[in-house]
Amino acid sequence: MKNITYQSTRGGESGVSASMAILKGIASDGGLFMPSEIPQLDKPLRELAGMTYQEQAYEVMKLFLTDFTEEELRDCIAKAYDSKFDTPEIAPLVHVGMAYVLELFHGNTIAFKDMALSILPRLITVAAKKNHVDKEIVILTATSGDTGKAALAGFADVPGTRIIVFYPKDGVSHIQELQMVTQKGDNTAVIAIHGNFDDAQTGVKKIFADKEYEKKLDASGFQLSSANSINVGRLIPQVVYYVHAYAELLNCGGIEDGEEINVVVPTGNFGNILAGYFAKLMGVPIGKLFCASNDNKVLYDFFTTGTYDKNRDFMLTMSPSMDILVSSNLERLIYLSTGSDAEKTAKLMKELSETGHYTVTKEMQKHMEDFIGGYATEEQDAEVIRYLYRKRGYVMDTHTGVAAAVWKAHWDATGDQTKTVIVSTASPYKFSKAVLEAIQGPILLTDEFAVAEELENISHVPVPKAVLELKTAEIRHKKECDAADMEAAVSGVLGI
Ligand SMILES: *Cc1c(COP(=O)(O)O)cnc(C)c1O
């Protein structure tokens, strides 16, 4: 197998092994790690279709993580995709009227981030051993809701690691907050910040870039790493379910071998959809990738005009995990669209951080033609959730609703008959109130659990254990801080 190394999108590092790239999370120049090339699948999709999810995961990940042994990888995969998932299929593909819904919410925190975060801690632990790291690894994460819980659950009590999660105090759902502040594990910390997700993410990036602080941590026996979706150890496991979705379409006879499909992805940080693009570049016949945004439609504007502009009001929506104005993983697509020109990429990213906007060339735009930007307003989101419930008896969450609304608008306008996969990123029970209101109109119930029960009554899908448990779970994390004081908060947690 061809050896794949990783280089920074901004040119500061190259020839980095996969395990080292996973350990570091982000390159030392602030750029993101990219594989030296995108490998091609070395087995036909027909053959992959005969495999389990775990076997498919191995076939994809072995091509990217070339300094992991077969035994190491298979072991990580087996421990990640096990009975934590409430179905042996791991990621079921459900036919719902005009499209196929890829349900990525069957892991233990009922959102798609489990797909990558159940395996990342395993990959990090192996990577640390490989690279003779003797320091305790501190995972630092900013979350718009789902990453935080999934990372906490993944890392809780994993030896040699600590995890500290920052979330925007008023920017996550009640259930999301409960999920985080009740997290068990002696190595976990959760801190609410006074600010929005971008403040939290910017704060975390600053800590990573602070060389003095790095020295201080090092002297105290700690090394930072990131579980955010910029880590290649998150990106690569996400490529798997696009291969899996195609394989399932073959298995159910929904498509002919080689037939092109579309994917529609509810997007925030651009990690999920980028993984879909990687799958396409590896040889999965994906035609268009619909990038679905909510009212924070910075990506829609980008794909339609070529200008990325984060200077706008930040909107709080009922799809909070997509309330993002700086989509970090877009940097990887920018890099690809320059023909892997790190200098050009670094210049654009500098412009973004200094002015809040940049414009790509026509040539770069041409490279991104496989992406189609779309967005749904709050009303359109609610409308499609109601529509699919009434017409098909299927209940989806508010993030998936954004994707479904974008696809339906496209379908209504064009009659596009291409088989299409809508990527479902959360269980409706993670956002029960918004989902129930979309279906029934304003409701008076204020107790989240009563709302979940009501949703169960109308959907006939049982309330997941992950929600039921919260009812009686003890609140273990109560810390809050200002966005400006995040570094001090980290020191406090680590006792340095
Ligand atoms: C994180 C998240 C998204 C956005 O995914 P990205 O990879 O950041 O684009 C969408 N929906 C849900 C439910 C999420 O948790």
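The values are calculated or read from the model by the stated rules, or taken from the named source; none is laboratory data. All of these numbers come straight from a predicted model, not from anything done at the bench. Note that we place each Cβ from the backbone using ideal geometry, even for glycine, and neighbour counts take in every protein chain shown. These accessible areas exclude ligands, DNA and RNA; they are computed on the full protein's heavy atoms, side chains included. Shrake-Rupley method; radii C 1.70, N 1.55, O 1.52, S 1.80 Å.
Residues in region 246-267 that are surrounded by fewer than 24 Cβ atoms within 10 Å (Cβ to Cβ) and in a loop (DSSP other than H, G, I, E, B): Cys252, Gly253, Gly254, Ile255, Glu256, Asp257, Gly258, Glu259, Glu260.
Would you check if there is a residue in region 170-193 being more than 25 Å from Asp114 (Cβ to Cβ) and touching a strand residue (DSSP E or B) at 6+ places or on another chain (Cβ under 7 Å)? No, because not a single residue in region 170-193 is more than 25 Å from Asp114 (Cβ to Cβ) and touching a strand residue (DSSP E or B) at 6+ places or on another chain (Cβ under 7 Å).
Just give me the residues in region 110-128 being assigned to a loop (DSSP other than H, G, I, E, B), touching a residue at least 60 places away in the same chain (Cβ under 8 Å) and out of contact with any Leu (no Cβ under 8 Å at 6 or more places or on another chain), in sequence order. Matches in region 110-128: Ile110, Ile119. Within region 299-311, if we keep just the residues that are touching a strand residue (DSSP E or B) at 6+ places or on another chain (Cβ under 7 Å) and part of a helix (DSSP H, G or I), the residue that is farthest from the ligand (Cβ to nearest atom) turns out to be Thr304.
Please state which one of Lys24, Lys62, Lys79 is in contact (Cβ under 8 Å) with a residue 24 or more places away in the chain and crowded, with 22+ Cβ neighbours inside 10 Å. Explain how you work it out, then say what you get.
On the way: Lys62 fails: crowded, with 22+ Cβ neighbours inside 10 Å; Lys79 fails: crowded, with 22+ Cβ neighbours inside 10 Å.
Only one candidate passes the filter, namely Lys24.
Is there a residue being open to solvent by less than 10 Å² (accessible area, probe 1.4 Å), in a helix (DSSP H, G or I) and away from the ligand (no atom under 16 Å from the Cβ) anywhere in region 268-290? There is at least one residue in region 268-290 that is open to solvent by less than 10 Å² (accessible area, probe 1.4 Å), in a helix (DSSP H, G or I) and away from the ligand (no atom under 16 Å from the Cβ). Of the residues making up region 110-127, those that are more than 16 Å from the ligand (Cβ to nearest atom), open to solvent by less than 10 Å² (accessible area, probe 1.4 Å) and not β-branched (Val, Ile, Thr) are Pro121, Leu123, Ala127. Among all positions in region 95-112, there is no residue which is in contact with a Phe, Trp or Tyr (Cβ under 6 Å, 6 or more places away or on another chain) and over 24 Å from Pro266 (Cβ atoms). Leu330 - would you say it is modelled with pLDDT under 95 and closer than 25 Å to Ala116 by Cβ? Criteria not met by Leu330. Looking only at residues of region 97-109 that are open to solvent by 10 Å² or more (accessible area, probe 1.4 Å) and part of a strand (DSSP E or B), we find that the one that is nearest to Arg390 (Cα to Cα) is Tyr100. Looking across region 320-379 at every residue that is open to solvent by 40 Å² or more (accessible area, probe 1.4 Å) and in a strand (DSSP E or B), the one that is farthest from the ligand (Cβ to nearest atom) is identified as Thr359.
At least 3 residues that are more than 16 Å from the ligand (Cβ to nearest atom), over 30 Å from Ala49 (Cα atoms) and open to solvent by 30 Å² or more (accessible area, probe 1.4 Å) in each: list the helices (runs of 4 or more DSSP H) lying fully within region 138-245 that qualify. Explain how you work it out, then say what you get.
On the way: elements: 146-155, 174-181, 197-209, 211-219.
The qualifying helices (runs of 4 or more DSSP H) are 197-209, 211-219.
Across region 364-398, the number of residues qualifying as of a type outside the set (Asp, Glu) and more than 30 Å from Ser340 (Cβ to Cβ) comes to 18. Does Phe314 fit the bill of being part of a loop (DSSP other than H, G, I, E, B), within 16 Å of the ligand (Cβ to nearest atom) and either crowded, with 24+ Cβ neighbours inside 10 Å or on the phi < 0 side of the Ramachandran plot (or both)? Judged against the criteria, Phe314 is a match. Remark: pairs (first residue in region 376-390, closer than 14 Å to Met98 by Cα; second residue surrounded by fewer than 18 Cβ atoms within 10 Å (Cβ to Cβ) and of a type in the set (A, V, I, L, M); Cβ separation under 8 Å; 6+ apart in sequence or on different chains) = Leu388/Val96; Tyr389/Ile458. Within region 31-43, being more than 22 Å from the chain's Cα centre (by Cα) and touching a residue at least 60 places away in the same chain (Cβ under 8 Å) holds for Gln40, Leu41.
Residues considered: Asn262, Asn294, Asn228. Of these, the only one that is modelled with pLDDT under 95 and touching a Ser or Thr at 6+ places or on another chain (Cβ under 7 Å) is Asn228.
Would you be able to say whether some residue in region 71-87 is within 19 Å of Val263 (Cβ to Cβ) and in a helix (DSSP H, G or I)? Within region 71-87, not a single residue is within 19 Å of Val263 (Cβ to Cβ) and in a helix (DSSP H, G or I).
When region 391-406 is examined, which residues are found to be within 16 Å of the ligand (Cβ to nearest atom) and not in a helix (DSSP H, G or I)? Spell out how you get there, then give the answer.
At the first step, the residues of region 391-406 found to be within 16 Å of the ligand (Cβ to nearest atom) are 395-406.
Selection gives Val395, Met396, Asp397.
Among the residues making up region 467-496, those that are in a loop (DSSP other than H, G, I, E, B) and open to solvent by less than 70 Å² (accessible area, probe 1.4 Å) are Ala473, His477, Gly495, Ile496.
Out of the residues in region 407-466 meeting the condition of being within 16 Å of the ligand (Cβ to nearest atom) and part of a loop (DSSP other than H, G, I, E, B), tell me which one is surrounded by the fewest Cβ atoms within 10 Å (Cβ to Cβ). Here the residue is Pro464.
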